[in-house]
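Novice: Below you'll find the structure I mean.
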């Protein structure tokens with residue numbers, strides 16, 4: 001029994017230590033951030049890597065999430081004779097909840113793992129150490145542009161995801177089930193407020209900070225072995241997913 | 001006797017030392033790696049650090065470059081105590097050093113030219129024409145001017161190490177550190193790297209520190225050598241002095257004997273007892 005308690009305490013203290021290290025890591029990145037925006041070429045490269053290279057998966061998933069919402073939404077709403085509200089229901093759900101959350105989960109799986117494994121491999125092949133010896137701070141040259149690139153890309157990807165998803169809902173609801181096109185769009189335009197759009201983008205930004213931070217932190221602190229890089233990549237996905245859902249609850253509670 | 005520069009550290013013997021380790025202790029997870037190590041690296045010379053695997057040779061390099069700090073003792077590089085330097089001063093010191101990693105540590109997403117140009121682009125605002133000239137000069141010095149536009153993945157092990165060497169000298173360092181420069185190279189590449197270490201040291205007037213296992217190769221170019229074992233210096237001197245050294249451990253290392261003071265077998269229970277005991281239990 002004592003051994004079990006000891007193990008739990010040890011595991012808790014290790015987790016707390018890691019959270020502390022993550023907070024210090026974030027603090028350092030924020031401190032360095034103003035300088036990061038000055039190196040435009042590096043930043044654009046990383047926005048392209050994290051954002052443009054995730055577009056295909058984000059757009060494909062967005063389309064199918066929208067189409068599923070169209071099917072489910074229509075089935076539900078037609079039971080109560082409100083199928084014309086399909087557009088507004090889907091738009092609000094996507095803007096306030098599904099859009100940022102699903103985008104963050106996809107982002108963690110595509111861009112997050114790429115970031116963690118890239119930085120982890122740089123550590124394993126001594127590239128980070130070599131840079132450090134050349135008096136080039138790897139935090140400034142490697143980690144910061146990737147973090148900022150992810151943070152800037154996430155709200156943009158969220159906007160793309162939501163737009164494509166709404167198109168998917170429209171495709172099924174209007175084109176397939178014959179919901180009135182005018183009702184679909186006018187109800188949406190009447191009910192959706194600026195605050196709903198803001199909520200989606202704020203969530204996208206916060207999830208972007210969280211997912212990018214976790215990815216670069218795990219990559220930077222990975223063990224310099226093949227197994228270490230693999231573990232860092234796995235942890236990136238798992239921790240990002242859990243953190244996204246916890247943050248989603250907190251942000252929803254604050255903004256509702 | 002060599003002239004002593006303002007920030008030089010004279011050793012007890014009167015040589016001008018570019019780096020000095022005095023009574024250095026270093027341990028990892030409570031396990032001692034270096035125990036009271038005393039080493040002086042002569043300015044303008046090639047210093048070889050040799051010894052069996054796991055004796056703390058690479059740790060010694062990491063101490064000199066300030067990647068790790070000693071638990072006790074002093075690491076003085078160019079007259080400055082590395083442990084007392086802040087990040088800015090440490091980076092200023094590192095700009096005067098170059099290091100060749102065992103695997104080259106080239107950045108895999110940029111080509112050979114950009115790898116060599118990397119320190120220049122990060123630390124200077126030289127016009128592109130000048131950067132190009134410097135990079136091509138350094139690549140020419142290692143015989144790889146023609147490989148400037150190849151990617152690191154297209155290079156052989158020996159070529160990658162030569163590119164890394166060009167990168168290490170692109171800022172004209174005063175100290176050049178080599179971590180196992182001959183490991184895994186074919187005899188031709190080994191000869192090329194060996195001659196490069198000697199010629200760069202003489203042509204650029206730098207101080208070279210070479211960590212290696214390759215006794216025969218390093219003996220041909222080193223001016224002074226240290227042999228480490230068990231975290232201590234067990235012998236030092238010129239390659240010839242080391243060859244004639246009476247210590248059994250130095251003899252074992254220099255002659256490449258499999259068994260000796262450094263045992264072939266990792267500590268284990270009695271062989272017969274272990275085999276029979278296991279059979280009985282089965």
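Yes/no per residue for (1) touching a residue at least 12 places away in the same chain (Cβ under 8 Å); (2) crowded, with 21+ Cβ neighbours inside 10 Å; (3) under 19 Å from residue A:93 (Cα atoms):
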residue	(1), (2), (3)
A:139	yes, no, no
A:159	yes, no, yes
A:167	yes, no, yes
A:170	yes, yes, yes
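Novice: Same structure again: Return yes when residue B:165 is surrounded by 17 or more Cβ atoms within 10 Å (Cβ to Cβ), within 14 Å of chain A (Cβ to nearest Cβ) and over 26 Å from residue B:22 (Cα atoms) and no when it is not.
Specialist: When the stated conditions are applied, residue B:165 passes them.
Novice: Ok, one more. Please work out which residue is surrounded by the fewest Cβ atoms within 10 Å (Cβ to Cβ), limiting yourself to the range B:74-123 and to residues that are within 13 Å of another protein chain (Cβ to nearest Cβ) and on the phi > 0 side of the Ramachandran plot.
Specialist: B:104
Novice: What about residue B:218, is it in contact with a helix residue (DSSP H, G or I) (Cβ under 8 Å, 6 or more places away or on another chain), within 25 Å of residue B:143 (Cα to Cα) and surrounded by fewer than 15 Cβ atoms within 10 Å (Cβ to Cβ)?
Specialist: When the stated conditions are applied, residue B:218 does not pass them.
Novice: Select from the range A:241-255 the residues that are surrounded by 13 or more Cβ atoms within 10 Å (Cβ to Cβ) and under 13 Å from residue A:202 (Cβ atoms) and list them in ascending order.
Specialist: Residues satisfying the conditions are A:247, A:248, A:251, A:252, A:255.
Novice: Whether any residue in the range B:160-176 is more than 21 Å from residue B:95 (Cα to Cα) and part of a loop (DSSP other than H, G, I, E, B) is what I want to check.
Specialist: Scanning the range B:160-176 turns up no residue that is more than 21 Å from residue B:95 (Cα to Cα) and part of a loop (DSSP other than H, G, I, E, B).
Novice: Let me ask something additional. Can you confirm whether residue A:92 is without any contact (Cβ under 8 Å) to a residue 60 or more places away in the chain and away from chain B (no Cβ under 14 Å)?
Specialist: Numbers: without any contact (Cβ under 8 Å) to a residue 60 or more places away in the chain: no; away from chain B (no Cβ under 14 Å): yes.
No, not satisfied.
Novice: For residues that are within 14 Å of another protein chain (Cβ to nearest Cβ) and either buried (at least 24 other Cβ atoms within 10 Å of the Cβ) or in a loop (DSSP other than H, G, I, E, B) (or both), tally how many sit in the range A:109-126. Steps first, answer last, please.
Specialist: Step one: of the range A:109-126, the residues within 14 Å of another protein chain (Cβ to nearest Cβ) are A:114-115, A:117-126.
Those still in the list that are either buried (at least 24 other Cβ atoms within 10 Å of the Cβ) or in a loop (DSSP other than H, G, I, E, B) (or both) too: A:115, A:119-120, A:122, A:125-126.
Selection size over the range A:109-126: 6.
Novice: Let me ask another. Can we say residue A:179 is assigned to a helix (DSSP H, G or I) and more than 14 Å from chain B (Cβ to nearest Cβ)?
Specialist: The answer is no for residue A:179.
Novice: Now for a different question. Hey, among A:206, A:192, A:238, which residue is within 16 Å of the chain's Cα centre (by Cα) and either surrounded by 19 or more Cβ atoms within 10 Å (Cβ to Cβ) or at pLDDT below 95 (or both)?
Specialist: A:206
Novice: Okay, next question. Only one residue in A:143, A:102 is surrounded by fewer than 21 Cβ atoms within 10 Å (Cβ to Cβ), in contact with a helix residue (DSSP H, G or I) (Cβ under 8 Å, 6 or more places away or on another chain) and more than 10 Å from chain B (Cβ to nearest Cβ). Which one?
Specialist: The match here is A:102.
Novice: Another one. Checking residue A:146 against (1) within 30 Å of residue B:157 (Cβ to Cβ); (2) under 28 Å from the mean Cα position of the chain (by Cα); (3) modelled with pLDDT under 95: exactly one of these is not met. Which one?
Specialist: Condition (3) is where residue A:146 drops out.
Novice: Given the criterion touching a helix residue (DSSP H, G or I) at 6+ places or on another chain (Cβ under 7 Å) and more than 14 Å from chain B (Cβ to nearest Cβ), identify the matching residue among A:197, A:133.
Specialist: Residue meeting the stated conditions: A:197.
Novice: Something else about it: Considering only the range B:40-138, give the helices (runs of 4 or more DSSP H) lying wholly within it that have at least 1 residues that are closer than 17 Å to residue B:211 by Cβ.
Specialist: B:57-64
Novice: Evaluate the range A:210-225: report whether one residue or more is surrounded by fewer than 18 Cβ atoms within 10 Å (Cβ to Cβ), under 28 Å from residue A:68 (Cα atoms) and more than 14 Å from chain B (Cβ to nearest Cβ).
Specialist: For the range A:210-225, residues surrounded by fewer than 18 Cβ atoms within 10 Å (Cβ to Cβ), under 28 Å from residue A:68 (Cα atoms) and more than 14 Å from chain B (Cβ to nearest Cβ): absent.
Novice: Considering only the range A:38-81, state which residues are buried (at least 18 other Cβ atoms within 10 Å of the Cβ) and not in a helix (DSSP H, G or I).
Specialist: A:51
Novice: Okay, moving on. Considering (1) crowded, with 18+ Cβ neighbours inside 10 Å; (2) in contact (Cβ under 8 Å) with a residue 40 or more places away in the chain; (3) touching a strand residue (DSSP E or B) at 6+ places or on another chain (Cβ under 7 Å); (4) within 14 Å of chain A (Cβ to nearest Cβ), say which one residue B:43 fails and leave the rest.
Specialist: (4)
Novice: Report whether or not residue A:190 is part of a helix (DSSP H, G or I) and under 14 Å from residue A:90 (Cβ atoms).
Specialist: no
Novice: Just give me the residues in the range A:175-187 being in contact (Cβ under 8 Å) with a residue 12 or more places away in the chain and surrounded by fewer than 21 Cβ atoms within 10 Å (Cβ to Cβ), in sequence order.
Specialist: Scanning the range A:175-187 gives A:176, A:177, A:180, A:183, A:185, A:187.
The values are calculated or read from the model by the stated rules, or taken from the named source; none is laboratory data. Model, not experiment: these values are computed from the prediction. Virtual Cβ from ideal backbone geometry, glycine too; neighbours counted across all protein chains shown.
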